[in-house]
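Values in this text are rule-based calculations from the coordinates and carry no lab data. For clarity, every value in this text was computed on a predicted model and none was experimentally measured.
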Amino acid sequence: SVSPGYVSTELVDAANKRSGATSSSEQQEFAKTIPSLQPSDIADGVLYALATPPHVQV
């Protein structure tokens, strides 16, 4: 399984929009204070794992 942690996507905004909620200033500040991965980082990690020999555990 892939468990990347915080990834910078539109997921929270889309969920808030669907539910009618708005992003809080706390959520926005949190997003600014921690380094986040980009979706391409996750894709690169998956490609790396798939490219390893079958006997390698990643």
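Data overview
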{"quantity": "Alpha carbon convex hull of the chain, volume per residue in cubic angstrom", "calculated": "93"}
{"quantity": "Angle in degrees between helix 39-51 and the longest Cα principal axis of the chain, rounded to the nearest 10", "calculated": "20"}
{"quantity": "Mean separation of Cα contacts under 8 Å, 6 or more apart, over the residue count of the chain: relative contact order %", "calculated": "43"}
